[in-house]
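Peer 1: Structure below; questions to follow.
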Amino acid sequence: MRRFSRFNAVSLTLGFAFLYLPMLILVIYSFNSNKLVTVWAGFSTKWYGELFQNEAFLDAAWVTLRVAVISSTLATILGTMAAYALVRAGRFSGRTLFSGMIYAPLVMPEVITGLSLLLLFIGIGLDRGVFTIILAHTTFSMAFVSVVVSSRLVSFDRSLEEAALDLGATPFDAFRLVTLPIIAPAVISGWLLAFTLSLDDLVIASFTSGPSATTLPIKIFSAVRLGVSPEINALSTIMIGLVTVGVITASLVSKNTALRHERDAKAAERT
Amino acid sequence: MQRIVLIAVPYFWLVALFLVPFLIVLKISLSDPALAIPPYAPTLDLAAGWQGFLEFLRALDLDNFVFLTEDDLYWKAYWSSLKIAFTATFITLLVGYPIAYAMARSAPEWRPTLLMLVILPFWTSFLIRVYAWMGILSSEGVLNQALMWLGLISDPLTILNTNIAVYIGIVYTYLPFMILPIYSGLERMDDSLIEAAEDLGASKLGAFWLVTFPLSVQGVIAGCFLVFIPTIGEFVIPSLLGGSETLMIGKVLWEEFFNNRDWPVASAVAIILLLILVIPIILFQRNEQKAREADQ
Amino acid sequence: MVNSTSFAPWNDPHAKPLIQFKNVTKRFGAFVAIEDLTQDIFAQEFFALLGPSGCGKTTMMRMLAGFETPTQGQILIDGQDMANVPPNKRAVNMMFQSYALFPHLSVWENIAFGLKRDGKSKSEIETRVAEMLRLTRLEKFKSRKPHQISGGQRQRVALARSLAKGPKLLLLDEPLGALDKKLREETQFELMDIQEKTGTTFVIVTHDQEEAMTVASRVAVMDEGRIVQVDTPDKIYEEPNSVYVADFIGDVNLLRGQATARKDGSGDGGISIAWAMEQPDLIASNADQALTNKSVTLALRPEKVAISKERPPEDGPSGINALEGTVIDIGYLGNLSTYHVQLADGTMIKAQATNTRRVARRDISWEDTVWVSFTTTAGVVLEG
């Protein structure tokens, strides 16, 4: 193995300091009792209290959560179908257009996606609100789901599906009983990705939301445009906390599964 | 039967919510602004049948695009977006490469944890990560406080609302996109290649430049495109961290649409932006294709 | 090895075949995988498809399973045209080369998978799976997942799973390819045993000729989308119908020449082959005189060629075909040795001798001048 040099150690330390210090500072200052955010005046959790009193924020959070759950679920279903069609259905007319449409949202600037969907909704006279945000989020996040799922499908041993058919399963049963359980981790990561994208999205939601529905990012954006605010610091801390716990749990679970798998495989060779 | 449903459902969804909206943008970019609802003309009158459709086609023109070329605000915005994206990508590469390199050289049992630490910010809200810098970079922010406390400066530096803040924001938020492809290239590299180079007389630095770096170029290119492409159309970073001097096309489009309510010009801006993006996207796909072929 | 002398339905004109390929052609784009193939396979046969990779053997098997459909022609199973029958509606099961065990299901659940699809009752499934576990000696591992068992056990799970539904026909795609040599040999006999016990028709695809010869009742040698010869293993080896088969199966000397009918009055018939300048003609008394004036190849197995330091007596059985040469190489294989002898004109002849005595044959060494000889019926004369 190559030696880990001092230069490497310095790069890593500075790199991770750069990645994490800003968030750490944000978290620390969320406990600042001073209304002037940048001047430390002692520890306090009062901004968290105020945050939970703020109806507008709570409403926005509720809208965001609903949009995220529904749109990521729809995006997962559609994205998995699209991935399956691309990897498994072979040639069909319009396949090039299909794959182009699936992957284009990945590189499409959000302002353009937002603008085009808004023009569509106005064109067909659809009132903007929770429903239109869900449509928009489903459309742009299904691309991400299908990338994740199709990369798993490509490496999937096709003879497993053939074996299921051979043993009398209908094509749908083969998918339900064999393919889906095996690609489930990819489908779940796809869902989580779509969920996070929806939670975070500001630009597309701004275009496609109406006065009846404001999402949390829109709320945050309009608040921070005027400058740093202690309530937003508290809100950010909560969101950072949730993500950190989630990601660490997920990586511990997957690490454990991998370890157990490895141990089992070694034990099997000895029998 | 099942196959048809499988294809048709996502296909139909994408045609309705991706292709059609895009065609609408294209169409409106060729229309004229009007003081009406919707604020553009002509509108397609389906009742008028084929004749109406021809009328409609005749009324479309390239006036908005001509307008874009005449007003140098737009030229400057496109040019400055490209410049900012290019510079920021380069800085991200300079920051990201040593980190990826160090990760690839760390002990194998540490790598998953380091990888998780790089990915973690991905899952954290983009908006919050940009916002975090507002409190740091403002004139009474953490950075200025620290520098003044250390006695390095006597007056606060103006960083927030300048292009420097925009660069910091871009490097910070897009850094994982740069690190991951470079790391995955370096991590797969066979250590004995460097030993072979050194055995054949190369110095440590020589071995890096002659062996390690050339083998990581594919990852570097991928990382650069992954930063460059989304940065061009970036909106959140310039509007939160940038100032009046910061001209980026995503922000111009937003303002054209929401503040000036000029839908045809906003649509034309979007179409040109897409045309500009096509080139790096094609180059990026070529690079990915090459990487896949090399893998086989 | 022939399972039994009495089992030979292919010789019975009244026997009804289980599988019939009728002028089947399969194309993938411009590539012809199977070309106008007609072949019958009978119930309870252990039928081996043998050939190099890309010869179309796997395509034939996948057409039987229903994963590919013929471009032209018909495939009948039990008299029924399979053209529009999907894989899940066929009484045919397949054991995959990769085994294709469902990684998320236990051994028990893998074996029960097909039975559950048939809507069998719980107790029926229990009984049948238990029977299969017993047959393949997997009772101890029934609740393990595929990654928790060894390669040989995985192979047996795959076999048990494909046999569980009691298919009329079992397809085995390189079933032993992933096992090491020793385990492979044991498993070959196990397979034959199971085939006999269950009475299922087996069609096996393999590129390993030893495996095909060991297990099969009939072997079909394939090349470029065609079946070149179908016969029992011993006939394939002893009576190849073409140079391709003779060359593909086992080790062989191929001597090319011009045939003439024997007129030396010995009354033995057969032909003599003029094959090289300054070498005596070779005599093949078992050859058809109709080959006269044609160019022919004498295929000669090395174990049928004797080697000696002295010329064998001319009136002896192997004295007629005797050639002089020099030993170039000796391959010691333990139980036997292969001698590579170069004749005066440069032709290489391989001769094999058993090492019955420890020091026997050691008198023949490199660079020695020796005689290689064979009887007039030792070889097979093939056209071309």
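Peer 1: Residues of the range B:104-128 being within 7 Å of another protein chain (Cβ to nearest Cβ) and under 26 Å from the mean Cα position of the chain (by Cα), which ones?
Peer 2: Result: B:Met116, B:Leu117, B:Leu120, B:Pro121, B:Trp123, B:Thr124, B:Ser125, B:Phe126, B:Leu127, B:Ile128.
Peer 1: Looking at A:Gly94, A:Gly42 in this structure, which one is on the phi > 0 side of the Ramachandran plot, surrounded by fewer than 17 Cβ atoms within 10 Å (Cβ to Cβ) and either more than 8 Å from chain B (Cβ to nearest Cβ) or among the hydrophobic types (A, V, I, L, M, F, W, C) (or both)?
Peer 2: Checking each option against the conditions leaves just A:Gly42.
Peer 1: Something else about it: Just give me the residues in the range B:248-259 being under 25 Å from B:Tyr167 (Cβ atoms) and at the interface with chain A (Cβ under 9 Å from one of its Cβ atoms), in sequence order.
Peer 2: Selection gives B:Ile249, B:Gly250, B:Lys251, B:Leu253, B:Trp254.
Peer 1: Would you point out which residue out of A:Thr208, A:Thr196, A:Thr215, A:Thr237 is β-branched (Val, Ile, Thr) and either surrounded by fewer than 21 Cβ atoms within 10 Å (Cβ to Cβ) or over 29 Å from A:Tyr20 (Cα atoms) (or both)?
Peer 2: So the residue among A:Thr208, A:Thr196, A:Thr215, A:Thr237 that is β-branched (Val, Ile, Thr) and either surrounded by fewer than 21 Cβ atoms within 10 Å (Cβ to Cβ) or over 29 Å from A:Tyr20 (Cα atoms) (or both) is A:Thr208.
Peer 1: Now for a different question. Only one of C:Thr69, C:Thr58 is touching a residue at least 60 places away in the same chain (Cβ under 8 Å) and either assigned to a helix (DSSP H, G or I) or not basic (Lys, Arg) (or both). Can you tell me which?
Peer 2: C:Thr58
Peer 1: Would you point out the residue of the range A:241-271, among those that are surrounded by fewer than 11 Cβ atoms within 10 Å (Cβ to Cβ) and more than 12 Å from chain C (Cβ to nearest Cβ), that is nearest to A:Leu19 (Cα to Cα)?
Peer 2: A:Val245
Peer 1: Looking at the range C:75-89, which of the residues that are out of contact with any Lys or Arg (no Cβ under 9 Å at 6 or more places or on another chain) and in a loop (DSSP other than H, G, I, E, B) is nearest to the other protein chains (Cβ to nearest Cβ)?
Peer 2: C:Pro86
Peer 1: Given the residues C:Leu176, C:Leu163, which is the only one that is buried (at least 18 other Cβ atoms within 10 Å of the Cβ) and away from every other protein chain (no Cβ under 14 Å)?
Peer 2: Sole residue among the options that is buried (at least 18 other Cβ atoms within 10 Å of the Cβ) and away from every other protein chain (no Cβ under 14 Å): C:Leu176.
Peer 1: Restricting attention to the range A:157-209, and to residues there that are within 24 Å of B:Arg3 (Cβ to Cβ) and β-branched (Val, Ile, Thr), which single residue is farthest from the other protein chains (Cβ to nearest Cβ)?
Peer 2: Only one residue fits best here, namely A:Val187.
Peer 1: Something else: Of the residues B:Asp32, B:Asp71, B:Asp45, only one is over 26 Å from A:Val87 (Cβ atoms), of a type in the set (D, E, K, R) and modelled with pLDDT under 70; which?
Peer 2: Exactly one residue qualifies, and that residue is B:Asp45.
Peer 1: So, of the residues in the range C:137-159 that are under 26 Å from the mean Cα position of the chain (by Cα) and within 12 Å of another protein chain (Cβ to nearest Cβ), which turns out to be nearest to C:Gln20 (Cα to Cα)?
Peer 2: Looking at the filtered set, the residue picked out is C:Ala158.
Peer 1: Has the range A:143-153 got any residue that is within 15 Å of A:Ile70 (Cα to Cα) and either assigned to a helix (DSSP H, G or I) or not charged (D, E, K, R) (or both)?
Peer 2: There is at least one residue in the range A:143-153 that is within 15 Å of A:Ile70 (Cα to Cα) and either assigned to a helix (DSSP H, G or I) or not charged (D, E, K, R) (or both).
Peer 1: Considering only residues of the range A:1-15 that are in a loop (DSSP other than H, G, I, E, B) and more than 7 Å from chain B (Cβ to nearest Cβ), which is modelled with the lowest pLDDT?
Peer 2: A:Arg3
Peer 1: Going by the conditions given, is C:Arg134 facing another protein chain (nearest Cβ under 9 Å), among the charged types (D, E, K, R), part of a helix (DSSP H, G or I) and within 23 Å of C:Thr187 (Cβ to Cβ)?
Peer 2: no
Peer 1: Further question on the same structure: Output the helices (runs of 4 or more DSSP H) that fall wholly within the range B:196-296 and possess 1 or more residues being out of contact with any strand residue (DSSP E or B) (no Cβ under 8 Å at 6 or more places or on another chain), buried (at least 21 other Cβ atoms within 10 Å of the Cβ) and touching a residue at least 60 places away in the same chain (Cβ under 8 Å), or say none.
Peer 2: Per the criteria, B:213-232, B:236-241, B:249-258, B:263-295.
Peer 1: Could you grab me the full set of residues in the range C:102-126 that are at the interface with chain A (Cβ under 8 Å from one of its Cβ atoms) and either buried (at least 17 other Cβ atoms within 10 Å of the Cβ) or in contact (Cβ under 8 Å) with a residue 60 or more places away in the chain (or both)?
Peer 2: Across the range C:102-126, the qualifying residues are C:Phe102, C:Phe113, C:Gly114, C:Arg117.
Peer 1: If you go through the range C:298-341, how many residues are closer than 18 Å to C:Thr369 by Cα, among the acidic types (Asp, Glu) and not in a loop (DSSP other than H, G, I, E, B)?
Peer 2: Of the residues in the range C:298-341, 2 are closer than 18 Å to C:Thr369 by Cα, among the acidic types (Asp, Glu) and not in a loop (DSSP other than H, G, I, E, B).
Peer 1: Considering only residues that are surrounded by fewer than 22 Cβ atoms within 10 Å (Cβ to Cβ) and at the interface with chain B (Cβ under 7 Å from one of its Cβ atoms), which ones fall in the range A:106-124?
Peer 2: A:Val107, A:Ile122, A:Gly123
Peer 1: Restricting to the range A:16-54, name every residue that is assigned to a helix (DSSP H, G or I) and touching a residue at least 40 places away in the same chain (Cβ under 8 Å).
Peer 2: A:Met23, A:Leu26, A:Val27, A:Tyr29, A:Trp47, A:Tyr48, A:Glu50, A:Leu51, listed by residue number.
Peer 1: I would also like to ask the following. If a residue must be under 12 Å from the mean Cα position of the chain (by Cα) and either surrounded by 19 or more Cβ atoms within 10 Å (Cβ to Cβ) or part of a helix (DSSP H, G or I) (or both), how many such residues does the range C:229-242 contain?
Peer 2: Qualifying residue count, the range C:229-242: 9.
Matching residues to (1) assigned to a loop (DSSP other than H, G, I, E, B); (2) modelled with pLDDT of 90 or more; (3) under 15 Å from C:Ala100 (Cβ atoms); (4) outside the structural domain of C:Gly66 (by TED's automatic domain parsing):
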position	(1), (2), (3), (4)
C:Arg154	no, yes, yes, no
C:Leu159	no, yes, yes, no
C:Pro167	yes, yes, no, no
C:Leu183	no, no, no, no
C:Gln195	no, yes, no, no
C:Ala212	no, yes, no, no
C:Ala220	no, yes, no, no
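Peer 1: Going through the range C:137-160 one residue at a time, which ones are closer than 16 Å to C:Ala178 by Cβ and crowded, with 19+ Cβ neighbours inside 10 Å?
Peer 2: C:Pro146, C:Ile149, C:Gln153, C:Arg154, C:Gln155, C:Arg156, C:Val157, C:Ala158, C:Leu159
Peer 1: Among the numbered conditions (1) within 27 Å of the chain's Cα centre (by Cα); (2) closer than 20 Å to A:Leu19 by Cα, tell me where B:Gly141 comes up short.
Peer 2: Every condition holds for B:Gly141 apart from (1).
Peer 1: In the range A:217-236, what residues are more than 9 Å from chain B (Cβ to nearest Cβ) and in contact (Cβ under 8 Å) with a residue 60 or more places away in the chain?
Peer 2: A:Ile218, A:Lys219, A:Ser229, A:Pro230, A:Glu231, A:Ala234
Peer 1: Tell me, please, whether a residue that is more than 10 Å from every other protein chain (Cβ to nearest Cβ) and under 20 Å from B:Phe228 (Cβ atoms) can be found in the range B:260-274.
Peer 2: Yes.
Peer 1: Of all residues in the range C:251-285, count the ones that are in a loop (DSSP other than H, G, I, E, B) and either buried (at least 16 other Cβ atoms within 10 Å of the Cβ) or in contact with an Asp or Glu (Cβ under 7 Å, 6 or more places away or on another chain) (or both).
Peer 2: 10
The values are calculated or read from the model by the stated rules, or taken from the named source; none is laboratory data. Not measured: the values here are computed from a predicted model. Heads up, the Cβs are rebuilt from the backbone with ideal geometry, glycines too, and the neighbour counts pull from every protein chain shown.
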